[in-house]
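*Asks:* Before anything else, here's the structure in question.
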Amino acid sequence: MKVVLQNLTKKFPNRNKKAGGEVVAVNDFSFEIPDGKLVGLLGPSGCGKSTTLFMICGLQKPTSGKIFFGEDDVTDLPPENRGVGVVFQNYALYPHLTVRQNITFPLENLKGEDKLTKQEMQDKAYEAAKLVQIEELMDRKPNELSGGQQQRVAIARAMVKMPKVLLLDEPLSNLDARLRLQTREEIRRIQRETGITTVFVTHDQEEAMSISDVIVVMKDGEVQQIGKPQDVYDDPVNLFVAKFLGTPPVNLFDGEVKAGTLYIGDDAVLSVPGAADGAVDVGIRPEGFLLKEDGALCCALTGVEVMGRDISVVSTNPHAQSKAIRSIINAENKVDTDAKDVRFALKPNKVLLFQKETGERIYF
Amino acid sequence: MEKNKLKGWLYLLPAILFLGCFMVYPLIDVFVYSFEESYNFASQTYQGTGGFNFAYVLHDTYFLQAVKNTFLMVIITVPLSTGIALLISVGLSSIKPLRRLFQTVYFLPYVTNTLAVGLVFMILFKKTEYTDGLVNLLIHWFGGESVDFISGPYWAKMFVMCFYIIWVVMPFKILLLTSALLSVDQSYYNAAKVDGTSGARIFRKITLPMISPTIFYLVITGFIGAFKEYSDAVALFGTNLNAAGMNTIVGYVYDMLYGDSGGYPSYASAAAIILFVIVLTITCINLLISSKHTTYN
Ligand SMILES: Nc1ncnc2c1ncn2[C@@H]1O[C@H](COP(=O)(O)OP(=O)(O)OP(=O)(O)O)[C@@H](O)[C@H]1O
Ligand SMILES: [Mg+2]
């Protein structure tokens with residue numbers, strides 16, 4: 001089922017009464033989540049991701065705007081009537097109940113026609129547990145499980161009623177790096193298998209990019225960009241999005257456009273025919289550098305890190321906005337580690353120009 | 001390792017000495033006295049050993065009355081005070097405006113002197129030549145007969161006594177229960193709400209188990225406190241509790257030692273040991289039940 005968010009806005013009264021006014025947690029959020037897709041909601045801490053999720057599931061009422069599930073307006077519907085499953089940031093597994101009791105808990109709330117027999121509940125719980133591969137852990141208490149297992153229990157509990165929409169709030173933030181990788185694959189698999197429309201909140205761009213069909217990048221309650229992960233990465237609309245996506249992050253330089261040519265310092269690095277003259281921020285993706293003897297961009301070499309398939313060349317440039325420039329280069333290239341300078345040619349489609357004041361993208 | 005152990009004991013020594021002198025030794029002494037017939041403090045003599053003291057105490061009508069009174073107080077006040085405190089705490093934590101004010105109001109009895117509270121109860125309940133007390137005024141209002149709560153029928157006295165005890169222990173219970181309620185993570189409630197759990201079920205299946213350690217703590221300490229009831233009875237009915245028929249076990253012990261008919265340390269010791277056994281048994285039962293029901297901590 002698709003989920004439509006229409007001009008969704010949430011304002012909180014300011015907690016600090018003296019400051020007055022209000023906090024705009026989410027501002028004019030419009031988006032249609034396509035049926036059966038996994039959407040990654042991405043942004044730095046405090047940008048309103050959880051608030052958006054809470055509005056979708058009905059735990060918080062939007063200040064203005066509407067929410068539709070399919071064709072139905074659910075804006076004023078209480079959470080239990082929306083048919084959503086939620087995995088909370090800290091899982092919120094009931095510590096005094098076993099895994100089995102945790103998973104059957106939502107089923108026991110069903111009333112009237114939907115009421116299930118004990119056996120049906122057990123069967124459904126088992127099915128859900130099997131989906132996340134925890135069927136051997138059914139009689140344990142949450143504190144006897146590892147973080148990853150707890151997380152799966154939380155997913156099983158959210159899935160047991162077969163919700164129409166599944167909402168996950170930073171479900172991997174408590175896990176270690178390896179488990180995180182494993183579990184996100186798991187979530188992807190479960191989502192594919194069940195085809196449930198899913199919203200996945202995270203502040204980790206890598207996580208969002210790797211499993212989402214569509215990502216939504218937010219900042220200060222405002223949507224910055226919506227698109228397929230690769231498209232957003234290749235074609236960010238502004239400096240914030242460019243900086244937020246990608247590891248290692250994009251390299252930033254102070255540059256200047258003069259008569260259709262981009263200069264970094266005195267180096268004329270690229271021809272940018274469509275751009276107007278003036279100072280610009282230049283973002284170059286790490287994979288946008290090519291080692292070349294007569295390359296236009298000259299940097300002082302500080303080190304080379306071998307990563308097997310690739311090598312990472314670390315260098316400095318007086319016009320770079322960060323201390324180190326990281327470029328990822330195919331390992332077939334040989335770098336003379338004793339050399340003082342390296343020279344790079346640039347891949348035009350990996351070079352991004354932004355306006356100095358607004359951070360808006362300049363296309364060329 | 002050995003050295004560390006020694007150090008540990010060394011650090012514990014002051015506490016052990018202190019407790020040994022002022023708690024363990026007297027306890028043993030009381031135990032010994034309780035088996036010595038007609039022990040005399042002044043001459044430090046006794047006439048024989050055996051269970052005579054226990055037999056005497058257990059056949060003393062004053063003691064039996066005291067046991068009955070104490071048990072009634074325990075059985076009435078512990079569940080009632082805990083239950084009412086829970087109700088008030090749930091109410092307190094579900095309201096936003098004026099919560100602080102209410103919390104303060106409910107906490108006032110805790111910082112008020114027992115005797116001052118006793119005075120208030122006198123105004124409420126005591127019959128004098130000039131007035132029948134506030135409560136009797138109310139009873140009159142509704143067309144009832146006035147009751148002498150302080151020196152009238154047994155049930156009326158017991159009612160005032162229990163009312164008083166509940167009133168005195170309530171603030172502490174409310175304090176602990178509200179903080180226990182507030183410490184339950186909001187996300188459990190969010191999760192339950194999303195799953196369409198009814199309010200009653202949330203309370204029964206989530207809130208209660210989450211605060212059950214606090215509840216059990218309050219019940220256990222409540223039992224112990226109620227069994228040791230004495231000063232509140234004095235505040236209401238004066239020092240001659242036997243005459244009022246409102247004596248408690250601790251009161252009986254005191255009377256046997258220092259009361260008008262006092263001077264019987266052996267009987268007092270026997271009564272104290274009986275109380276000790278009762279409290280120990282009840283506490284063990286409590287702990288057993290609580291360990292079965294609070295697997296979560
Ligand atoms: N109940 C509330 N009252 C007042 N302000 C709130 C409330 N809830 C959230 N906010 C504010 O709204 C903004 C967005 O909060 P939100 O929890 O949605 O952030 P988030 O993107 O989920 O962050 P994180 O990644 O840290 O979880 C924050 O500035 C926060 O302080
Ligand atoms: Mg959040």
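The values are calculated or read from the model by the stated rules, or taken from the named source; none is laboratory data. Bear in mind the structure is a predicted one, so any value in this text is a computation, not a measurement. When we count neighbours, we look across all protein chains shown, and the Cβ atoms used for this are built from the backbone with ideal geometry, even at glycine. For the accessible areas, the whole protein counts, side chains as well, though only heavy atoms, and no ligand, DNA or RNA atoms are used. Shrake-Rupley method; radii C 1.70, N 1.55, O 1.52, S 1.80 Å.
*Asks:* Using a 7 Å offset from the Cα along the Cα-to-Cβ direction at both A:K61 and A:E22, what is the distance between the two label points in nm, to one decimal?
*Replies:* The answer from the label model is 1.2 nm.
*Asks:* Probe of 1.4 angstrom, ligands and nucleic acids ignored: what's the accessible area per residue over the stretch B:105-197, in square angstrom?
*Replies:* Value returned for the stretch B:105-197: 54 Å² of accessible area per residue.
*Asks:* Mind checking the dipole of chain A: about its Cα centre, +1 per Lys or Arg Cβ, -1 per Asp or Glu Cβ, Debye to the nearest 20? Intermediate values should be presented prior to the final figure.
*Replies:* Working: 45 positive and 51 negative charges, 200 e Å.
Value, rounded to 20: 960 debye.
*Asks:* Determine which residues of the stretch A:332-357 fall in the zone a paramagnetic label at A:S271 would reach in this model, i.e. backbone nitrogen under 17 Å from the point 7 Å along Cα→Cβ.
*Replies:* A:345-351
*Asks:* What ranking of B:W155, B:W167, B:W141 comes out by heavy-atom accessible area, probe 1.4 Å, highest first? List each step's numbers first, then the result.
*Replies:* Working: B:W155 155, B:W167 105, B:W141 205 Å².
Largest accessible area first, the residues go B:W141, B:W155, B:W167.
*Asks:* While we're here: Just for the stretch A:3-244, what percent of DSSP beta bridges are antiparallel, to the closest 5? Please report the intermediate quantities before stating the final value.
*Replies:* Details: 20 of 38 bridges.
The answer is about 55 percent antiparallel.
*Asks:* For the stretch A:1-74, which GluC sites (Glu not before Pro) are both in a DSSP coil and crowded by at most 11 other Cβ atoms within 10 Å?
*Replies:* Values: sites: A:E22, A:E32, A:E71; in loops: A:E71.
When the GluC sites (Glu not before Pro) of the stretch A:1-74 are filtered for loop state and at most 11 Cβ neighbours within 10 Å, A:E71 remain.
*Asks:* Ordering A:K2, B:K173, A:K111 by how much accessible area each has at a 1.4 Å probe, largest first, what is the list? Can you show the working numbers first?
*Replies:* Working: A:K2 65, B:K173 10, A:K111 140 Å².
From most exposed to least exposed: A:K111, A:K2, B:K173.
*Asks:* I would also like to ask the following. Between the chain alone and the structure with every protein chain in place, find the residues of the stretch A:55-87 that drop at least 10 Å² of accessible area; heavy atoms, 1.4 Å probe.
*Replies:* The answer is A:L59, A:P79, A:E80, A:V84, A:V86.
*Asks:* Still on this structure: Under a crude label model (7 Å from the Cα following the beta-carbon direction), how far is A:N7 from B:Q44 in nanometres?
*Replies:* Each label point lies 7 Å from its Cα, and together they span 9.6 nm.
*Asks:* Relative contact order of chain B, please, whole-number percent, based on alpha carbon pairs below 8 angstrom and at least 6 residues apart.
*Replies:* On the way: 306 pairs, mean separation 81.8, N = 297.
Over chain B, the number comes to 28 percent.
*Asks:* Given the protein chains as shown and a 1.4 Å probe, how many square angstrom of A:H203 are accessible, to the nearest 10?
*Replies:* In the full protein context, A:H203 sits at about 90 Å².
*Asks:* Name the shape class, rounded, prolate or oblate, that the alpha-carbon gyration tensor gives for the protein assembly as shown, where a ≥ b ≥ c are the square roots of its eigenvalues, rounded holds for a/c under 1.5, and otherwise prolate holds if a/b is larger than b/c and oblate otherwise.
*Replies:* Values: a/c = 2.93, a/b = 2.36, b/c = 1.24.
In terms of gyration-tensor shape, prolate.
*Asks:* Across the stretch B:58-293, how many lysine pairs separated by 8 or more positions, or lying on different chains, have Cα atoms within less than 21 Å?
*Replies:* So the count of such lysine pairs works out to 10.
*Asks:* Further, regarding this structure: Over the stretch A:280-351, what is the relative contact order in whole percent, taking alpha-carbon pairs under 8 Å and six or more residues apart? List each step's numbers first, then the result.
*Replies:* Numbers: 139 pairs, mean separation 33.6, N = 72.
With pairs under 8 Å counted, the relative contact order is 47 percent.
*Asks:* Another one. With every protein chain left in place, what is the accessible area of A:S327 in Å² (1.4 Å probe, nearest 10)?
*Replies:* 0
*Asks:* Once the Cβ-Cβ distance between B:I95 and A:M307 is put in as r, and R0 is 51 Å, what FRET efficiency do you end up with, to the nearest 0.05?
*Replies:* Numbers: r = 59 Å, r/R0 = 1.16.
The calculated FRET efficiency here is 0.30.
*Asks:* Heavy-atom accessible surface, probe 1.4 Å, ligands and DNA/RNA ignored: which residues of the stretch B:176-201 lose at least 30 Å² versus the isolated chain?
*Replies:* Those residues are B:S187, B:Y188, B:N190, B:A191, B:K193, B:V194, B:D195, B:G196, B:R201.
*Asks:* May I pose another question? Exactly which GluC sites (Glu not before Pro) in the stretch A:257-329 are in a DSSP loop and have at most 15 other Cβ atoms within 10 Å?
*Replies:* Details: sites: A:E287, A:E293, A:E305; in loops: A:E293.
Within the stretch A:257-329, the qualifying GluC sites (Glu not before Pro) (loop, at most 15 other Cβ atoms within 10 Å) are A:E293.
*Asks:* Moving on. Please work out whether chain B counts as rounded, prolate or oblate from its C-alpha gyration tensor, where a ≥ b ≥ c are the square roots of the eigenvalues and a/c under 1.5 means rounded, while otherwise a/b larger than b/c means prolate and anything else oblate? Display every interim value, and only then the final one.
*Replies:* On the way: a/c = 2.30, a/b = 1.19, b/c = 1.93.
Oblate is the answer for chain B, as a/c is 1.5 or above yet b/c matches or exceeds a/b.
*Asks:* For the stretch A:73-82, in order, what is each residue's ³J(HN,Hα) by Karplus, 6.51 cos²θ - 1.76 cosθ + 1.60 with θ = phi - 60°, in whole Hz (x at glycine and Pro)?
*Replies:* Each residue's phi maps through the Karplus curve to give 7, 10, 3, 9, 7, x, x, 5, 9, 8 Hz.
*Asks:* State, as an integer percentage, the relative contact order of the stretch A:3-244 based on alpha-carbon contacts under 8 Å between residues 6 or more apart. Mind dumping the intermediate values first?
*Replies:* Details: 455 pairs, mean separation 65.2, N = 242.
Result for the stretch A:3-244 is 27 percent.
*Asks:* Skip the ligands, DNA and RNA, and give the accessible area per residue of chain A with a 1.4 Å probe, whole Å². Mind dumping the intermediate values first?
*Replies:* Working: 17140 Å² over 364 residues.
Per-residue value: 47 Å².
*Asks:* May I ask you to evaluate 6.51 cos²θ - 1.76 cosθ + 1.60, the Karplus curve with θ = phi - 60°, for each residue of the stretch A:226-235 and list the ³J(HN,Hα) values in order in whole Hz, giving x for glycine and proline?
*Replies:* Once θ is set to phi - 60°, the couplings for the stretch A:226-235 become 10, x, 5, x, 5, 5, 5, 5, 6, 9 Hz.
*Asks:* How much FRET efficiency would the formula 1/(1 + (r/R0)^6) give for B:F107 and B:L134, where r is the Cβ-Cβ distance and R0 is 22 Å, rounded to 0.05?
*Replies:* Numbers: r = 23 Å, r/R0 = 1.05.
With a Förster radius of 22 Å, E is 0.40.
*Asks:* Tell me the accessible surface of A:L270 in square angstrom (1.4 angstrom probe, heavy atoms of protein chains only), to the nearest ten.
*Replies:* 20
*Asks:* With a ≥ b ≥ c the root eigenvalues of the C-alpha gyration tensor of chain A, is it rounded (a/c under 1.5), prolate (a/b larger than b/c) or oblate?
*Replies:* Values: a/c = 2.83, a/b = 1.82, b/c = 1.56.
Note, shape of chain A comes out prolate.
*Asks:* Next up: Determine the shielding of peptide A:103-109 by partner chains: average, over its residues, the number of Cβ atoms on other chains within 10 angstrom of each Cβ. Don't jump to the answer; show the numbers that get you there.
*Replies:* Details: counts 0, 0, 7, 6, 1, 4, 8.
Per residue, the number of nearby Cβ atoms from other chains is 4 on average.
*Asks:* Nearest 100 Å² is fine: what is the total accessible surface buried where chains B and A meet, probe 1.4 Å? It would help to have the intermediate numbers written out before the result.
*Replies:* Working: alone 17970 and 18010 Å², together 34220 Å².
Counting protein atoms only, the buried area is about 1800 Å².
*Asks:* Right, another one. Round to a whole number: what % of the accessible area of the protein assembly as shown belongs to carbon and sulfur, probe 1.4 Å? Please report the intermediate quantities before stating the final value.
*Replies:* On the way: 19990 of 34220 Å².
It is 58 percent, rounded to a whole number.
*Asks:* Assigning unit charges at the beta carbon (Lys, Arg +1; Asp, Glu -1) and nothing else, what dipole magnitude in debye, to the nearest 20, does chain B show about its Cα centre? Could the numbers behind the result be given before it?
*Replies:* Working: 17 positive and 15 negative charges, 312 e Å.
That gives a dipole near 1500 debye.
*Asks:* Another one. Using only the heavy atoms of the protein chains and a 1.4 Å probe, how would B:F149, B:F54 rank by accessible area, largest first? It would help to have the intermediate numbers written out before the result.
*Replies:* Values: B:F149 10, B:F54 35 Å².
In descending accessible area the options line up as B:F54, B:F149.
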